[in-house]
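Just below is one structure, and these are the notes that go with it.
The values are calculated or read from the model by the stated rules, or taken from the named source; none is laboratory data. Keep in mind the model is a prediction, meaning the values are calculated, not measured. All Cβ positions, even for glycine, are placed from backbone atoms using ideal geometry, and neighbour counts span all protein chains on display. Ligands, DNA and RNA are stripped out before the accessible areas are found, and what is left, the full protein with its side chains, is counted by its heavy atoms. Shrake-Rupley method; radii C 1.70, N 1.55, O 1.52, S 1.80 Å.
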Amino acid sequence: MSKKNNDRLLVFALGGVGEIGKNMYVVQYANDIIVIDSGLKFPEEDMLGIDIVIPDISYLIDNKDKVRGILLTHGHEDHIGGLPYVLKQLNVPIYGTKLTLGLVEGKLKEAGLLGDTKRILINADSELQMGVLKATFFRTNHSIPDSVGICVETPEGNVVHTGDFKFDQTPVNEQYADLYRMAELGKRGVLMLLSDSTNAERPGYTGSERSVGTELEEVFRKAKQRVVVATFASNVHRLQQVFDAAEVTGRKVTVIGRSMVNVVSIAQDLGYLRIPDGMMIEPEDVNKMAADRVVILSTGSQGEPMSALTRMARNTHRKVDILPGDTVVISATPIPGNEKYVGRIVDELFRLGANVIYGPGSVSGVHVSGHGSQEELKLMLNLIKPKYFMPIHGEYRMLRLHGQLAEMVGIEKENIYICDIGETVEVVNGVARKAGKVSCGNILIDGLGVGDVGNIVLRDRKLLSQDGILVVVVTLSKQDGKIMSGPDIISRGFVYVRESEGLLEEANKIVSNTLSKLMSENVNEWASLKTHVKDALGRFLYEQTRRRPMILPIIMEV
């Protein structure tokens, strides 16, 4: 590849480092940009009312003429979920494997973007020339079929992105990780490796997905009544094991939860799920069958408030109830931050008399991770043999621990780059260094609003949730500057009016006195009147209650 004197290679993340989810990585050389993945993450507790979070792509929009396409490593939400929002602003081709594109097409159809988006099917043997950059692929193992790692060949050297991976020696779909091709990349020389850090805290090796199938089969055999299995909808290997265990134990399967129904339908149509004829039943037919002949495959393994499992646990599902003696299997590990929600659902299921099997895979046996543990991370480093290393995918402690693992296998400490989102690593003449920072951050999605909720709106929502609101309504005479009516004080979420009449009467007097004083001093600008009312009332209420409600003065003139 030709290289000009002033050209440089930039590698950075717009999401997915120092956090779980919304993965998006950028490899740029001169006037060519390749984007790897376009994910979302689910909101944290303090993001009140927010539905999902996607990366800020201001940098890509500013350089849209240079973006050659978005390469997808696999079909999980944290890698493809942001596409419907990103493609509305950045209409570029997307490249993915068969199942990945199948899942993406469902999202694009819902968003009305299917006809406008160019979709290119790739496999592990594909080669793409994208400007001066060339992309090749290698097969990996993960909890969803058709996962690939990516090698971007640049004039400065090869940049390898692993995607999410583990080394499963007995994969359910018998698609083995291509260790030979990984070793070949290492032999040819790799400038920089970006590698999955999700399980950097876990010693040893991650168990094989096949072991879960054996455990599920045992659970199905022992259960005297119905079995409910909750897992990630996109964990297609796990779904296959549920159907296999149901077939062996003579049970029928019904699928509930919108995302689960969609994934099962797409995966079956594309040949990634083998479901025997006559095995699937409708949710309405569950109560018509013997209890020990039924499996319910459900969403809700993370305790999501509107998921099928949560609604069943709260007896609000329209078609299926949890009955005493039912067995509920939560076949997933809680995402960090979701432990409380999952614990709450487990409690509610126990209250209904269900037998609940949950907890880490080593405890329950009904879940294994789709991410490699420490020994597998070392193996990837030893196969690829990079000069420079950037740990990705995971919270900061995971990136730091992955960096320590890299040191253990011989990577120089100064060649390990632990970066925040937007922080660029620049390579010129084979030498890397941290460079400047590009615009980055979170875009918050609330309903149909994209980015119209920011820090100030979230701060207001937090204030409202903690201390409530007081609305002060006053009507003033424009001619003589007297109060014509009010002040009327409306309280919501601050104090119970009937039990706080004295407090509100005193608040009324403070508002009246403040306004009278200001008008006697010929202060009649609305902004100034409102500010003085808020300050005086805020001080009084804090002295009396040690709370700071939001105060909204409404001043009308007649």
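Give the residue list of trypsin sites (Lys or Arg not before Pro) in region 140-227 that are DSSP loop and have at most 15 other beta-carbon atoms within 10 angstrom.
On the way: sites: Lys166, Arg181, Lys187, Arg188, Arg210, Arg221, Lys222, Lys224, Arg226; in loops: Lys224, Arg226.
In loop regions of region 140-227 (DSSP not H, G, I, E or B), the sparsely surrounded trypsin sites (Lys or Arg not before Pro) are Lys224.
Taking a probe of 1.4 Å, how large is the accessible area per residue of the chain, in Å²?
Ligands and nucleic acids excluded, the figure is 45 Å² per residue.
Which value, in debye to the nearest 20, gives the size of the charge dipole of the chain about its Cα centre, when Lys and Arg are +1 and Asp and Glu are -1 at the Cβ? List each step's numbers first, then the result.
Details: 64 positive and 70 negative charges, 19 e Å.
Its charge dipole is roughly 80 debye.
Relative to the longest principal Cα axis of the chain, at what angle does helix 396-408 sit, 0 to 90 degrees, rounded to 10?
Approximately 30 degrees, to the nearest 10.
Under the Karplus relation 6.51 cos²θ - 1.76 cosθ + 1.60, θ = phi - 60°, what is the ordered set of whole-Hz ³J(HN,Hα) values for region 81-86, x standing for Gly and Pro?
x, x, 4, x, 7, 5
Do the alpha carbons of any pairs in Lys41/Lys88; Lys41/Lys319; Lys22/Lys319 sit beyond 26 Å of each other, and which pairs? Don't skip to the answer; put the middle values down first.
Values: Lys41/Lys88 18 Å; Lys41/Lys319 30 Å; Lys22/Lys319 33 Å.
Pairs exceeding 26 Å: Lys41/Lys319; Lys22/Lys319.
What does the C-alpha gyration tensor say about the overall shape of region 102-255? Classify as rounded when a/c is under 1.5, otherwise prolate if a/b is larger than b/c, or oblate.
Details: a/c = 2.90, a/b = 1.60, b/c = 1.81.
Taking the square roots of the gyration eigenvalues as a ≥ b ≥ c, region 102-255 is oblate.
Just to confirm a number: summing +1 for Lys and Arg and -1 for Asp and Glu over residues other than Pro386 whose beta-carbon lies under 15 angstrom from that of Pro386, what do you get?
Values: positive: Lys187, Arg188, Lys378, Lys385, Lys387, Lys413; negative: Glu153, Glu156, Glu184, Asp196, Glu407, Glu412, Glu414.
Net charge in that neighbourhood comes out at -1.
Hey, what angle do you get for helix 210-222 against the long axis of the chain, alpha-carbon based, 0 to 90 degrees rounded to 10?
Helix 210-222 sits roughly 70 degrees off the main axis of the chain.
Report, for the chain, the % of DSSP beta bridges that are antiparallel, rounded to 5. All intermediate terms of the calculation are to be shown ahead of the outcome.
Details: 50 of 95 bridges.
Roughly 55 percent of the beta bridges in the chain run antiparallel, per DSSP.
Rounding to the nearest 10 and keeping the result within 0 to 90°, find how far the Cα-based axis of helix 98-111 lies from the longest principal axis of the chain.
For helix 98-111, the angle is close to 20 degrees.
Please report, as a whole percent, how much of the solvent-accessible surface of the chain comes from carbon and sulfur atoms (probe radius 1.4 Å). Intermediate values should be presented prior to the final figure.
Values: 12060 of 24980 Å².
C and S atoms contribute 48 percent here.
Tell me which trypsin sites (Lys or Arg not before Pro) from region 517-558 have a DSSP coil assignment and no more than 14 other beta carbons within 10 Å of their own.
On the way: sites: Lys517, Lys530, Lys534, Arg539, Arg546, Arg547; in loops: Arg546, Arg547.
Those satisfying the criteria are Arg546, Arg547.
In Å, what Kirkwood hydrodynamic radius results for the chain from the alpha-carbon pair distances? Please list the in-between numbers first.
On the way: mean 1/r = 0.0377 Å⁻¹.
Result for the chain stands at 26.5 Å.
What residues qualify as long-range amide H neighbours of Val356, i.e. H under 5 Å apart, gap of 5 or more or another chain, H built at 1.01 Å from N?
Placed amide hydrogens put Val328 under 5 Å from Val356.
Rounded, prolate or oblate: which one fits region 68-170, using the alpha carbon gyration tensor with axes a ≥ b ≥ c (rounded when a/c is under 1.5, else prolate when a/b beats b/c, else oblate)? Working shown, then result.
Numbers: a/c = 2.12, a/b = 1.20, b/c = 1.76.
Oblate, since a/c reaches 1.5 and b/c is not below a/b.
Kindly give the semi-axes, whole Å and largest first, of the ellipsoid equivalent to region 22-133, taking each as the square root of 5 times a Cα gyration tensor eigenvalue. Don't skip to the end; give the middle numbers.
Working: eigenvalues 102, 59, 33 Å².
Here the semi-axes work out to 23, 17, 13 Å.
Out of the trypsin sites (Lys or Arg not before Pro) in region 95-155, which ones are loop residues according to DSSP with at most 11 other C-beta atoms within 10 Å?
Taking region 95-155 and a limit of 11 other Cβ atoms within 10 Å, the loop trypsin sites (Lys or Arg not before Pro) found are Lys118.
Kindly give the semi-axes, whole Å and largest first, of the ellipsoid equivalent to region 242-324, taking each as the square root of 5 times a Cα gyration tensor eigenvalue. Could the numbers behind the result be given before it?
Numbers: eigenvalues 88, 58, 20 Å².
So the equivalent ellipsoid measures 21, 17, 10 Å along its semi-axes.
Ranked by accessible surface with a 1.4 Å probe, highest first, in what order do Lys41, Lys88, Lys340 come?
Values: Lys41 15, Lys88 130, Lys340 105 Å².
Largest to smallest exposure gives the sequence Lys88, Lys340, Lys41.
Read phi for every residue in region 275-290 and hand back ³J(HN,Hα) as whole Hz from Karplus 6.51 cos²θ - 1.76 cosθ + 1.60, θ = phi - 60°, with x for Gly and Pro.
Listing the rounded values in order: 10, x, 4, x, 6, 6, 10, 7, x, 5, 8, 4, 6, 8, 9, 4 Hz.
Using the Cα centre of region 325-399 as the reference point, and only Cβ charges (+1 on K/R, -1 on D/E), how large is the resulting charge dipole? Debye, rounded to the nearest 20.
Numbers: 7 positive and 7 negative charges, 75 e Å.
Magnitude of the dipole: close to 360 debye.
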